[in-house]
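Written out below as C-alpha coordinates is the structure these notes cover.
The values are calculated or read from the model by the stated rules, or taken from the named source; none is laboratory data. Here the structure is a predicted model, which means the values were calculated and not measured. In this analysis, Cβ positions are derived from the backbone assuming ideal geometry, glycine residues included, and neighbour counts consider all displayed protein chains.
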Ligand SMILES: Cc1cc2nc3c(=O)[nH]c(=O)nc-3n(C[C@H](O)[C@H](O)[C@H](O)COP(=O)(O)O)c2cc1C
(Lines give C-alpha, C1' and ligand atoms only; values in the text may rest on other atoms or scores of the structure.)
Protein backbone atom coordinates (compact mmCIF):
# COMPACT_ATOMS: atom_id res chain seq x y z
CA UNK A 1 0.00 0.00 0.00
CA UNK A 2 1.35 3.43 -0.86
CA UNK A 3 1.29 6.21 1.65
CA UNK A 4 -0.09 9.40 0.14
CA UNK A 5 2.36 12.30 -0.01
CA UNK A 6 -0.14 14.92 0.91
CA UNK A 7 -0.68 15.57 4.60
CA UNK A 8 -4.18 14.63 5.74
CA UNK A 9 -6.77 17.32 5.23
CA UNK A 10 -7.30 19.51 8.26
CA UNK A 11 -10.39 18.14 10.02
CA UNK A 12 -13.28 20.58 9.89
CA UNK A 13 -13.98 20.42 13.60
CA UNK A 14 -13.55 22.83 16.43
CA UNK A 15 -15.08 26.18 17.25
CA UNK A 16 -13.88 28.16 14.25
CA UNK A 17 -14.81 25.48 11.70
CA UNK A 18 -18.29 25.31 13.18
CA UNK A 19 -18.81 29.04 13.00
CA UNK A 20 -17.37 29.28 9.49
CA UNK A 21 -20.01 26.87 8.23
CA UNK A 22 -22.44 29.80 8.08
CA UNK A 23 -22.25 33.21 6.43
CA UNK A 24 -21.18 36.27 8.39
CA UNK A 25 -18.34 38.48 9.52
CA UNK A 26 -16.14 38.58 12.61
CA UNK A 27 -15.79 41.43 15.12
CA UNK A 28 -12.13 42.51 15.30
CA UNK A 29 -10.22 42.79 18.55
CA UNK A 30 -9.84 46.50 19.28
CA UNK A 31 -8.25 47.78 22.47
CA UNK A 32 -10.56 50.40 23.94
CA UNK A 33 -13.54 49.26 21.84
CA UNK A 34 -14.25 45.52 21.59
CA UNK A 35 -15.27 45.23 25.24
CA UNK A 36 -18.24 43.23 26.55
CA UNK A 37 -20.96 45.75 25.53
CA UNK A 38 -19.67 46.07 21.96
CA UNK A 39 -19.23 42.30 21.68
CA UNK A 40 -22.76 41.69 22.94
CA UNK A 41 -24.32 44.00 20.36
CA UNK A 42 -22.23 42.46 17.56
CA UNK A 43 -23.12 38.91 18.65
CA UNK A 44 -26.83 39.78 18.79
CA UNK A 45 -26.65 40.99 15.20
CA UNK A 46 -25.09 37.73 14.02
CA UNK A 47 -21.30 38.19 14.20
CA UNK A 48 -19.66 34.80 13.48
CA UNK A 49 -17.57 35.33 16.59
CA UNK A 50 -16.03 38.19 18.51
CA UNK A 51 -12.52 38.73 19.90
CA UNK A 52 -11.65 40.39 23.20
CA UNK A 53 -9.30 43.32 23.47
CA UNK A 54 -5.71 42.07 23.77
CA UNK A 55 -4.72 40.94 27.24
CA UNK A 56 -1.19 40.70 28.61
CA UNK A 57 -0.29 37.06 29.25
CA UNK A 58 2.14 38.15 31.94
CA UNK A 59 -0.50 40.34 33.59
CA UNK A 60 -2.85 37.37 33.77
CA UNK A 61 -0.24 35.02 35.16
CA UNK A 62 1.07 37.41 37.78
CA UNK A 63 -2.50 38.17 38.73
CA UNK A 64 -1.47 41.67 39.68
CA UNK A 65 -3.13 43.52 36.86
CA UNK A 66 -6.75 44.17 37.72
CA UNK A 67 -7.06 45.49 34.17
CA UNK A 68 -6.40 42.06 32.65
CA UNK A 69 -9.27 40.59 34.63
CA UNK A 70 -11.64 43.31 33.54
CA UNK A 71 -10.57 42.97 29.89
CA UNK A 72 -11.27 39.25 29.88
CA UNK A 73 -14.49 39.17 31.89
CA UNK A 74 -17.41 37.89 29.77
CA UNK A 75 -20.87 39.41 29.92
CA UNK A 76 -23.50 37.06 31.43
CA UNK A 77 -24.21 34.26 28.96
CA UNK A 78 -21.46 35.30 26.52
CA UNK A 79 -20.63 32.62 23.94
CA UNK A 80 -18.56 32.59 20.78
CA UNK A 81 -15.85 34.93 22.01
CA UNK A 82 -12.13 34.35 21.44
CA UNK A 83 -9.82 35.76 24.09
CA UNK A 84 -6.74 37.39 22.62
CA UNK A 85 -3.44 37.22 24.51
CA UNK A 86 -0.10 38.87 23.85
CA UNK A 87 3.28 37.85 25.17
CA UNK A 88 6.66 36.54 24.10
CA UNK A 89 7.43 33.68 26.48
CA UNK A 90 6.02 30.20 25.76
CA UNK A 91 5.77 29.18 29.43
CA UNK A 92 3.98 32.39 30.37
CA UNK A 93 1.59 32.03 27.45
CA UNK A 94 0.84 28.42 28.34
CA UNK A 95 0.06 29.49 31.91
CA UNK A 96 -2.02 32.41 30.71
CA UNK A 97 -4.07 30.14 28.44
CA UNK A 98 -4.96 28.00 31.46
CA UNK A 99 -6.00 31.06 33.46
CA UNK A 100 -7.96 32.57 30.58
CA UNK A 101 -9.79 29.28 30.07
CA UNK A 102 -10.65 28.97 33.75
CA UNK A 103 -11.69 32.59 34.33
CA UNK A 104 -13.09 33.91 31.08
CA UNK A 105 -14.98 30.98 29.46
CA UNK A 106 -13.54 31.68 25.98
CA UNK A 107 -14.58 29.73 22.89
CA UNK A 108 -11.02 29.93 21.50
CA UNK A 109 -7.70 31.60 22.26
CA UNK A 110 -6.04 34.01 19.84
CA UNK A 111 -2.41 35.15 19.84
CA UNK A 112 -1.72 38.79 19.01
CA UNK A 113 1.09 39.06 16.46
CA UNK A 114 -0.01 42.39 15.04
CA UNK A 115 0.07 45.10 17.66
CA UNK A 116 2.62 47.78 16.73
CA UNK A 117 2.32 50.01 19.82
CA UNK A 118 5.48 50.65 21.88
CA UNK A 119 3.83 49.35 25.07
CA UNK A 120 3.69 45.88 23.49
CA UNK A 121 6.93 46.02 21.48
CA UNK A 122 9.53 43.69 23.01
CA UNK A 123 6.73 41.92 24.93
CA UNK A 124 4.97 40.34 21.96
CA UNK A 125 2.66 41.69 19.28
CA UNK A 126 3.93 42.56 15.81
CA UNK A 127 7.61 42.60 16.76
CA UNK A 128 7.45 38.79 16.79
CA UNK A 129 6.96 38.95 13.01
CA UNK A 130 10.71 39.63 12.89
CA UNK A 131 11.43 36.35 14.69
CA UNK A 132 8.55 34.14 13.54
CA UNK A 133 10.08 30.98 14.98
CA UNK A 134 9.36 32.47 18.44
CA UNK A 135 5.74 33.00 17.38
CA UNK A 136 5.52 29.34 16.25
CA UNK A 137 6.88 28.22 19.63
CA UNK A 138 4.22 30.32 21.35
CA UNK A 139 1.44 28.69 19.34
CA UNK A 140 2.82 25.24 20.09
CA UNK A 141 2.99 26.06 23.82
CA UNK A 142 -0.56 27.43 23.79
CA UNK A 143 -1.83 24.36 21.95
CA UNK A 144 -0.21 22.18 24.59
CA UNK A 145 -2.10 24.04 27.32
CA UNK A 146 -5.67 23.79 26.00
CA UNK A 147 -8.09 21.68 24.02
CA UNK A 148 -9.65 24.85 22.59
CA UNK A 149 -8.78 26.12 19.12
CA UNK A 150 -5.70 28.35 19.13
CA UNK A 151 -5.43 30.99 16.41
CA UNK A 152 -3.11 33.87 15.55
CA UNK A 153 -3.64 37.36 14.16
CA UNK A 154 -0.79 38.81 12.14
CA UNK A 155 0.06 41.82 10.05
CA UNK A 156 1.78 41.29 6.68
CA UNK A 157 5.13 41.55 8.41
CA UNK A 158 7.26 43.93 10.44
CA UNK A 159 8.46 46.23 7.66
CA UNK A 160 8.24 43.88 4.66
CA UNK A 161 5.62 41.36 3.57
CA UNK A 162 6.47 37.91 4.99
CA UNK A 163 2.86 36.90 5.50
CA UNK A 164 2.84 33.70 3.39
CA UNK A 165 5.90 32.25 5.12
CA UNK A 166 4.61 33.23 8.56
CA UNK A 167 1.09 31.91 7.99
CA UNK A 168 2.54 28.59 6.78
CA UNK A 169 4.69 28.42 9.91
CA UNK A 170 1.70 29.14 12.13
CA UNK A 171 -0.31 26.47 10.34
CA UNK A 172 2.48 23.95 10.91
CA UNK A 173 2.59 24.97 14.58
CA UNK A 174 -1.08 24.06 14.91
CA UNK A 175 -3.01 27.32 14.51
CA UNK A 176 -6.65 26.55 13.66
CA UNK A 177 -7.04 29.76 11.66
CA UNK A 178 -4.91 32.80 10.83
CA UNK A 179 -6.24 36.33 10.61
CA UNK A 180 -4.26 38.73 8.42
CA UNK A 181 -4.45 42.51 8.73
CA UNK A 182 -3.19 43.65 5.34
CA UNK A 183 -0.58 46.15 6.51
CA UNK A 184 2.96 45.86 7.83
CA UNK A 185 3.63 46.97 11.37
CA UNK A 186 5.72 49.88 10.05
CA UNK A 187 2.61 51.13 8.24
CA UNK A 188 0.59 51.29 11.46
CA UNK A 189 -2.82 52.40 10.10
CA UNK A 190 -1.62 54.49 7.14
CA UNK A 191 -2.28 53.71 3.48
CA UNK A 192 -4.64 50.91 2.52
CA UNK A 193 -4.82 47.28 3.59
CA UNK A 194 -3.32 45.12 0.82
CA UNK A 195 -6.05 42.58 0.04
CA UNK A 196 -4.03 41.03 -2.81
CA UNK A 197 -1.45 40.06 -0.21
CA UNK A 198 -4.20 38.68 2.05
CA UNK A 199 -5.47 36.63 -0.92
CA UNK A 200 -2.01 35.15 -1.49
CA UNK A 201 -1.97 33.94 2.12
CA UNK A 202 -5.45 32.42 1.70
CA UNK A 203 -4.18 30.45 -1.30
CA UNK A 204 -0.99 29.31 0.45
CA UNK A 205 -2.38 27.55 3.53
CA UNK A 206 -5.07 24.94 4.12
CA UNK A 207 -6.44 26.41 7.33
CA UNK A 208 -9.08 29.16 7.01
CA UNK A 209 -7.72 32.69 6.60
CA UNK A 210 -9.69 35.67 7.90
CA UNK A 211 -9.02 39.00 6.17
CA UNK A 212 -8.88 42.32 8.03
CA UNK A 213 -8.49 45.92 7.00
CA UNK A 214 -10.59 48.87 5.88
CA UNK A 215 -13.89 47.06 5.35
CA UNK A 216 -16.55 49.74 5.77
CA UNK A 217 -19.63 48.28 4.10
CA UNK A 218 -21.25 44.88 3.55
CA UNK A 219 -20.77 45.29 -0.22
CA UNK A 220 -17.04 45.81 0.29
CA UNK A 221 -16.89 42.78 2.60
CA UNK A 222 -18.51 40.55 -0.02
CA UNK A 223 -16.24 41.88 -2.76
CA UNK A 224 -13.13 41.21 -0.66
CA UNK A 225 -14.27 37.67 0.09
CA UNK A 226 -14.92 36.95 -3.58
CA UNK A 227 -11.63 38.50 -4.72
CA UNK A 228 -9.39 36.76 -2.24
CA UNK A 229 -10.94 33.47 -1.18
CA UNK A 230 -10.73 34.31 2.52
CA UNK A 231 -13.01 32.24 4.74
CA UNK A 232 -14.49 35.40 6.29
CA UNK A 233 -13.88 39.10 6.73
CA UNK A 234 -13.12 40.71 10.09
CA UNK A 235 -14.51 44.18 10.75
CA UNK A 236 -13.10 46.63 13.27
CA UNK A 237 -13.47 50.39 12.87
CA UNK A 238 -16.36 49.96 10.45
CA UNK A 239 -18.39 48.22 13.16
CA UNK A 240 -18.04 50.99 15.76
CA UNK A 241 -21.59 52.31 16.15
CA UNK A 242 -22.69 49.92 13.42
CA UNK A 243 -23.43 46.38 14.66
CA UNK A 244 -25.79 46.05 11.68
CA UNK A 245 -22.69 45.28 9.59
CA UNK A 246 -22.91 41.81 11.12
CA UNK A 247 -26.61 41.42 10.40
CA UNK A 248 -25.95 42.37 6.78
CA UNK A 249 -23.20 39.77 6.44
CA UNK A 250 -25.17 37.05 8.22
CA UNK A 251 -28.53 37.55 6.54
CA UNK A 252 -27.96 39.68 3.45
CA UNK A 253 -30.20 42.41 4.93
CA UNK A 254 -28.12 45.45 4.03
CA UNK A 255 -30.34 48.31 5.13
CA UNK A 256 -29.27 50.51 8.02
CA UNK A 257 -32.15 50.98 10.49
CA UNK A 258 -33.74 54.43 10.78
CA UNK A 259 -32.19 57.01 13.13
CA UNK A 260 -34.72 56.30 15.92
CA UNK A 261 -33.75 52.62 16.07
CA UNK A 262 -30.05 53.48 15.93
CA UNK A 263 -30.58 55.90 18.82
CA UNK A 264 -32.30 53.14 20.82
CA UNK A 265 -29.32 50.86 20.18
CA UNK A 266 -26.90 53.63 21.18
CA UNK A 267 -28.84 53.94 24.46
CA UNK A 268 -28.75 50.17 24.88
CA UNK A 269 -24.96 50.27 24.39
CA UNK A 270 -24.81 52.81 27.23
CA UNK A 271 -27.09 50.65 29.41
CA UNK A 272 -24.89 47.61 28.81
CA UNK A 273 -21.86 49.78 29.65
CA UNK A 274 -23.55 50.83 32.88
CA UNK A 275 -24.49 47.27 33.84
CA UNK A 276 -21.09 45.77 33.00
CA UNK A 277 -18.82 48.38 34.56
CA UNK A 278 -20.85 49.35 37.64
CA UNK A 279 -19.12 47.22 40.27
CA UNK A 280 -18.75 47.15 44.06
CA UNK A 281 -15.91 49.29 45.42
CA UNK A 282 -12.86 47.15 46.08
CA UNK A 283 -12.34 48.48 49.61
CA UNK A 284 -15.99 48.89 50.58
CA UNK A 285 -18.18 46.39 48.67
CA UNK A 286 -21.33 47.93 50.16
CA UNK A 287 -20.75 50.94 47.89
CA UNK A 288 -20.97 50.91 44.10
CA UNK A 289 -18.46 52.29 41.68
CA UNK A 290 -20.85 53.65 39.03
CA UNK A 291 -19.64 53.26 35.46
CA UNK A 292 -18.68 56.42 33.60
CA UNK A 293 -19.99 56.95 30.09
CA UNK A 294 -16.81 58.79 29.08
CA UNK A 295 -15.37 55.82 27.12
CA UNK A 296 -18.50 55.98 24.93
CA UNK A 297 -17.94 59.60 23.89
CA UNK A 298 -15.98 58.35 20.86
CA UNK A 299 -18.55 55.63 20.10
CA UNK A 300 -22.07 57.05 20.48
CA UNK A 301 -21.85 59.66 17.69
CA UNK A 302 -20.91 56.85 15.27
CA UNK A 303 -24.41 55.41 15.63
CA UNK A 304 -25.80 58.64 14.21
CA UNK A 305 -23.48 60.00 11.51
CA UNK A 306 -26.49 61.68 9.90
CA UNK A 307 -27.47 63.55 13.09
CA UNK A 308 -24.57 66.01 13.62
CA UNK A 309 -26.75 68.24 15.83
CA UNK A 310 -26.69 65.55 18.53
CA UNK A 311 -22.90 65.06 18.46
CA UNK A 312 -21.83 67.89 20.81
CA UNK A 313 -24.00 66.51 23.63
CA UNK A 314 -22.90 62.90 22.91
CA UNK A 315 -19.26 64.01 23.06
CA UNK A 316 -19.79 65.23 26.64
CA UNK A 317 -21.71 62.40 28.31
CA UNK A 318 -20.68 61.43 31.80
CA UNK A 319 -23.72 59.49 33.12
CA UNK A 320 -26.42 57.25 31.71
CA UNK A 321 -28.90 60.10 32.22
CA UNK A 322 -26.66 62.32 30.07
CA UNK A 323 -26.89 59.73 27.28
CA UNK A 324 -30.70 59.62 27.60
CA UNK A 325 -30.88 63.40 27.49
CA UNK A 326 -28.54 63.64 24.49
CA UNK A 327 -30.61 61.11 22.54
CA UNK A 328 -33.99 62.45 23.70
CA UNK A 329 -34.87 64.20 20.42
CA UNK A 330 -34.84 60.80 18.69
CA UNK A 331 -36.00 58.62 21.58
CA UNK A 332 -38.98 60.85 22.31
CA UNK A 333 -39.99 60.65 18.68
CA UNK A 334 -40.82 56.96 19.16
CA UNK A 335 -42.00 57.01 22.78
CA UNK A 336 -45.33 55.18 23.19
CA UNK A 337 -48.31 57.55 23.64
C1 LIG B 1 -8.32 51.30 18.26
C2 LIG B 1 -7.82 49.98 17.72
C3 LIG B 1 -7.43 49.00 18.61
C4 LIG B 1 -6.96 47.76 18.12
N5 LIG B 1 -6.62 46.79 19.01
C6 LIG B 1 -6.23 45.57 18.55
C7 LIG B 1 -5.97 44.50 19.46
O8 LIG B 1 -6.11 44.63 20.68
N9 LIG B 1 -5.58 43.31 18.92
C10 LIG B 1 -5.44 43.11 17.56
O11 LIG B 1 -5.08 42.02 17.13
N12 LIG B 1 -5.70 44.09 16.70
C13 LIG B 1 -6.10 45.31 17.14
N14 LIG B 1 -6.43 46.29 16.25
C15 LIG B 1 -6.41 46.00 14.80
C16 LIG B 1 -7.81 45.57 14.33
O17 LIG B 1 -8.18 44.32 14.89
C18 LIG B 1 -7.88 45.47 12.79
O19 LIG B 1 -7.03 44.43 12.33
C20 LIG B 1 -7.49 46.77 12.11
O21 LIG B 1 -8.08 47.89 12.74
C22 LIG B 1 -7.90 46.79 10.62
O23 LIG B 1 -9.27 46.55 10.50
P24 LIG B 1 -10.40 47.72 10.34
O25 LIG B 1 -9.94 48.60 9.21
O26 LIG B 1 -11.66 46.95 10.04
O27 LIG B 1 -10.44 48.49 11.63
C28 LIG B 1 -6.87 47.54 16.72
C29 LIG B 1 -7.29 48.54 15.84
C30 LIG B 1 -7.74 49.75 16.31
C31 LIG B 1 -8.19 50.81 15.33
Q.
I'd like to check something: does segment 234-247 contain any residue that is more than 28 Å from residue 297 (Cβ to Cβ) and within 13 Å of the ligand (Cβ to nearest atom)?
A. no
Q) Does residue 85 qualify as being in contact with a strand residue (DSSP E or B) (Cβ under 9 Å, 6 or more places away or on another chain) and either at pLDDT 95 or above or more than 18 Å from residue 109 (Cβ to Cβ) (or both)? A) yes
Q. Taking segment 11-30, which residues are within 29 Å of residue 92 (Cα to Cα), part of a loop (DSSP other than H, G, I, E, B) and in contact (Cβ under 8 Å) with a residue 40 or more places away in the chain?
A. 28, 29, 30
Q: Could you please find all residues in segment 184-221 being away from the ligand (no atom under 13 Å from the Cβ) and out of contact with any helix residue (DSSP H, G or I) (no Cβ under 8 Å at 6 or more places or on another chain)?
A: 186, 203, 219
Q.
Of all residues being at pLDDT 95 or above and over 14 Å from residue 140 (Cα atoms) in segment 106-125, which is farthest from the ligand (Cβ to nearest atom)? Just the residue, please.
A. 107
Q: Confirm whether residue 42 is within 12 Å of the ligand (Cβ to nearest atom), buried (at least 24 other Cβ atoms within 10 Å of the Cβ), modelled with pLDDT of 95 or more and under 22 Å from residue 152 (Cα atoms).
A: no
Q.
For the list (1) at pLDDT below 95; (2) in contact with a helix residue (DSSP H, G or I) (Cβ under 6 Å, 6 or more places away or on another chain); (3) within 30 Å of residue 48 (Cα to Cα), I need the number of the one condition that residue 278 fails.
A. (2)
Q) What residue, of 77, 18, 98, is under 27 Å from residue 226 (Cβ atoms), at pLDDT 95 or above and either out of contact with any strand residue (DSSP E or B) (no Cβ under 6 Å at 6 or more places or on another chain) or surrounded by fewer than 17 Cβ atoms within 10 Å (Cβ to Cβ) (or both)? A) 18
Q. Among (1) more than 19 Å from the chain's Cα centre (by Cα); (2) at positive phi; (3) surrounded by 20 or more Cβ atoms within 10 Å (Cβ to Cβ), which single condition is residue 61 missing?
A. (2)
Q: Would you be able to say whether some residue in segment 137-156 is without any contact (Cβ under 8 Å) to a residue 40 or more places away in the chain, within 16 Å of the ligand (Cβ to nearest atom) and crowded, with 21+ Cβ neighbours inside 10 Å?
A: yes
